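What follows is a set of notes on a single structure, which appears directly below.
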Amino acid sequence: MTELTAGDPERTTKDQTPPGPASIALRPVGYLLVGLVWLTIWLFAVGILVGSVLYLAYDDPESFLAVDGRSPLAQGTVLVVMGLLVGLVVGPGGWHVLTASWPLAVLSFTYAVRSLRPSYARERLSFTGYAVRGSTFGPPTVGDVAMSLQPVRPSRFTDALMRFYLAGWTVSVRMLLAMVPAGLAWPLAIVAVTPVASERAHLVAGVLAVVLLLVSLVLGVRAFRLGDFDAGRAAGAGAHGRAGQPDGADRTGPDAGVTSASPEQLARRRELVKKQRAKRLRQT
């Protein structure tokens, strides 16, 4: 599980203030543009994964398949080594790029729709939490990693999206291993469709590619279910602490999970927690 840390007190207070008129007017367009950016990233990644298969299969298959007059044993060795290396990169890398992008696109479009509804007009729609450096997928960072576009008012739909969000950004060895078979299916898919291979090679490579994809699907579903991708803990980052909701939020009734505590209620709750903690320390 990506370890999330609370935001600083100044940002916490700011996140609880109602948005201004300019923000209310502009945020539908803003969230829509952000969603389109993440959707473009996702479509680009899909295009690379699928397009590279067709490109290598038809544009220059001889160079990829090492069809250069060498012995079948040498060609087979090269293909096996390349397949293993590619599988270690394409499978896990493709999973993370795809799963790190589409949940953010859907969340952005969700906030764009919410921003048009009167029931959300006087409240903030999303906030930024922080993950411990080195615990997320992506380039190295100096400090904690910002995890933006988390819902202020969670729902079952956004909780499901947040699980995929965290699965895409969290470094999970179980998930990485689950995606390796899918990566091995990538070079086999090239062999299955390239015109320079024999019909038998087409059949064998195609069957193996499908089998490996199914293996990754089964292992990936299992890794996702066993992974600690808790949307409630994710929602606890940034403005709302670690618990998934601010102290004093209503956890019962039809609006359970809705962020409704005022800054004054939060302050009183913090003072109560401090007193209880001090009392326990005196008793020990």
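Output the number of the condition that Leu116 fails; it satisfies all remaining conditions of (1) under 30 Å from Ala25 (Cβ atoms); (2) modelled with pLDDT under 90; (3) in contact with a helix residue (DSSP H, G or I) (Cβ under 8 Å, 6 or more places away or on another chain); (4) surrounded by fewer than 19 Cβ atoms within 10 Å (Cβ to Cβ).
Every listed condition holds for Leu116 apart from (2).
It is to be established whether one or more residues within the range 61-74 are surrounded by fewer than 13 Cβ atoms within 10 Å (Cβ to Cβ) and either in contact with a Leu (Cβ under 8 Å, 6 or more places away or on another chain) or at pLDDT 80 or above (or both).
no
Do we have any residue at all in the range 174-184 that's under 19 Å from the mean Cα position of the chain (by Cα) and of a type in the set (Lys, Arg)?
Yes, the range 174-184 contains at least one residue that is under 19 Å from the mean Cα position of the chain (by Cα) and of a type in the set (Lys, Arg).
Could you run through the range 1-59 and say how many residues are outside any helix (DSSP H, G or I) and at pLDDT 90 or above?
Result for the range 1-59: 0.
Among the residues of the range 154-171, what is the count of those that are open to solvent by less than 20 Å² (accessible area, probe 1.4 Å) and not β-branched (Val, Ile, Thr)?
6
Is it the case that some residue within the range 187-210 is in contact with a strand residue (DSSP E or B) (Cβ under 6 Å, 6 or more places away or on another chain), crowded, with 18+ Cβ neighbours inside 10 Å and among the hydrophobic types (A, V, I, L, M, F, W, C)?
No, because not a single residue in the range 187-210 is in contact with a strand residue (DSSP E or B) (Cβ under 6 Å, 6 or more places away or on another chain), crowded, with 18+ Cβ neighbours inside 10 Å and among the hydrophobic types (A, V, I, L, M, F, W, C).
Select from the range 165-194 the residues that are part of a loop (DSSP other than H, G, I, E, B) and among the hydrophobic types (A, V, I, L, M, F, W, C) and list them in ascending order.
Passing the criteria: only Val171.
Take Val173 and tell me if it is at pLDDT 80 or above and within 14 Å of Trp95 (Cβ to Cβ).
It is true that Val173 is at pLDDT 80 or above and within 14 Å of Trp95 (Cβ to Cβ).
The values are calculated or read from the model by the stated rules, or taken from the named source; none is laboratory data. Note that this is a predicted model, so its numbers are computed, not measured. With ideal geometry, Cβ positions are generated from the backbone for all residues, glycine too; neighbour counts draw on all protein chains shown. For accessibility, only protein heavy atoms count, side chains too; no ligands or nucleic acids. Shrake-Rupley method; radii C 1.70, N 1.55, O 1.52, S 1.80 Å.
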